[in-house]
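Presented below is the structure to which this report refers.
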Amino acid sequence: MVIVKEKKTLFRYLEKLQIEGRRPSFVPTMGALHRGHIALIEKARTVGRPVICSIFVNPTQFNDPKDFQKYPVTLEEDITQLEAADTDILFLPTVTELYPNGITGLEQYELGYLELVLEGKFRPGHFQGVCQVMNRLLAAIGPCKLFMGQKDYQQCMVVQKLIQLEQLPVELITCATVREHDGVAMSSRNKRLNPTERQNAVGIFRALQSMKENIHPGNLSNLKKQAGLILEQHNFRTDYVEIANANNLELRSEWDGKETLIALIAAFQNEVRLIDNMPITP
Ligand code: AMP
């Protein structure tokens, strides 16, 4: 695996491929890698080489400075995992490399409703930061295919919107959420949980499952209330427990028994904010 820190070096690698008419598969990450990330690399490898993975903890997408400072960094282990997964290139830019003019006064993207609901509502500015970094990474790498996890369901929709707004020649491929043995979605933030918090973390999965298993046509408020209680029992402080249309994220308080829905949760285990979701197909 080649490790590249500068865009211009990356460009030299990619130039040769371009002459052959090849464009890379790309997996963006913030590091502290786990099996969820590696599943994306493996998927990317089956679709087309070279596979480029980026590790960059993007400062512009953190609305909470403490969350940014405490974001886990495990670079040596990450490199070992990426090599074992047969990644071709690791792109490891600095903040100045991606934001040569600084991280303030940046362009704004017209994300509309996506920025007003769920993660958009509870993390103001977060999706602008996601778009800023993704636009820069996609410009530097010029991938044919981009691989992202359904664990960050709304983020996938935002990036799809960015692709459409900027008319980027890339196809977004989303991959299923990889879970721990007890159902907890793999997440870099799980590394910040102490043993008790880690045990409690399963509450999100149980709350999502309870919504999926107990849904009936009609009013959904009791279903969401029950899920909220499960979170409380697991010592969670809840940002939201919602059920939405799976295609546009419009929130639903009623179900007609036909619409494809998704249940979404964001909640804190003490300082650590976790998110997860589960599709509810009729
Ligand atoms: P992150 O490093 O958390 O920014 O995530 C990088 C990519 O990995 C994003 O596309 C995430 O959606 C994806 N990802 C994170 N956790 C998982 C998981 N448990 N299963 C599948 N994909 C994941």
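Things to note:
- For the chain, share of DSSP beta bridges that run antiparallel, in % to the nearest 5: 55
- Counting 0.36 nm for each residue step from Val95 to Leu165 and taking away their Cα separation leaves a gain of 22.8 nm.
- Residue-count net charge about Ala85 - beta-carbon cut-off 14 Å; Lys, Arg +1, Asp, Glu -1: -2
- A 1.4 Å probe run over the chain, with the rest of the protein chains in place, finds 48 Å² accessible per residue.
- Residue pairs, from the table Lys7/Lys145; Lys121/Lys224; Lys161/Lys258; Lys161/Lys225; Lys43/Lys191, whose Cα atoms sit over 21 Å apart: Lys161/Lys258; Lys161/Lys225; Lys43/Lys191
- Net charge of the neighbourhood of Ala176, taken over other residues with C-beta under 13 Å away and scored Lys/Arg +1, Asp/Glu -1, is +1.
- Dipole magnitude of the chain about its Cα centre (Cβ charges: Lys, Arg +1; Asp, Glu -1), debye to nearest 20: 240
- Rounded to whole Hz, the Karplus (6.51, -1.76, 1.60) HN-Hα couplings of the range 159-174, x for glycine and proline: 5, 4, 5, 4, 4, 6, 4, 8, 6, 7, x, 9, 9, 8, 10, 9
- The range 167-245: C-alpha gyration tensor shape, a/c 1.5 cut-off, then a/b vs b/c: oblate
- Contour minus Cα-Cα distance for Ser253 and Thr196 (0.36 nm per residue): 17.2 nm
- Equivalent ellipsoid semi-axes, the chain, via Cα gyration tensor eigenvalues times 5, rooted, Å: 33, 20, 18
- Using θ = phi - 60° and Karplus 6.51 cos²θ - 1.76 cosθ + 1.60, couplings along the range 59-75 (whole Hz; Gly, Pro as x): x, 6, 9, 9, 7, 10, x, 5, 4, 5, 4, 8, 4, x, 10, 9, 4
- Placed amide H near Met186: partners under 5 Å, 5+ positions off or other chain: Val178, Arg179, Glu180
- Between the range 150-183 and the range 228-282, the C-alpha centres lie 17 angstrom from each other.
- Relative contact order, whole percent, for the range 114-180 stands at 34, derived from Cα pairs under 8 Å and 6 or more residues apart.
- Its Cα centre serving as origin, the range 234-281 has a Cβ charge dipole (Lys and Arg +1, Asp and Glu -1) of approximately 120 debye.
- Over the chain, relative contact order from alpha-carbon pairs under 8 Å, at least 6 apart, %: 17
- When a 1.4 Å probe is rolled over the protein heavy atoms, the share of accessible surface on the chain that falls to carbon and sulfur comes to 50 percent.
- Summing +1 for each Lys or Arg and -1 for each Asp or Glu among the other residues whose beta-carbon sits under 15 angstrom from that of Gly218 gives +1.
- Tensor-based shape of the range 11-54 (alpha-carbon gyration tensor, a/c under 1.5 rounded, otherwise prolate or oblate): oblate
- Intensity falloff of the range 1-145 expressed as log10 I(q)/I(0), Debye formula with alpha-carbon point scatterers, at q = 0.18, 0.19 Å⁻¹: -1.13, -1.23
The values are calculated or read from the model by the stated rules, or taken from the named source; none is laboratory data. Keep in mind that this is a model prediction, so the values were computed, not measured. Cβ sites come from the backbone with ideal geometry, for glycine too, and all protein chains shown count toward neighbours. These accessible areas exclude ligands, DNA and RNA; they are computed on the full protein's heavy atoms, side chains included. Shrake-Rupley method; radii C 1.70, N 1.55, O 1.52, S 1.80 Å.
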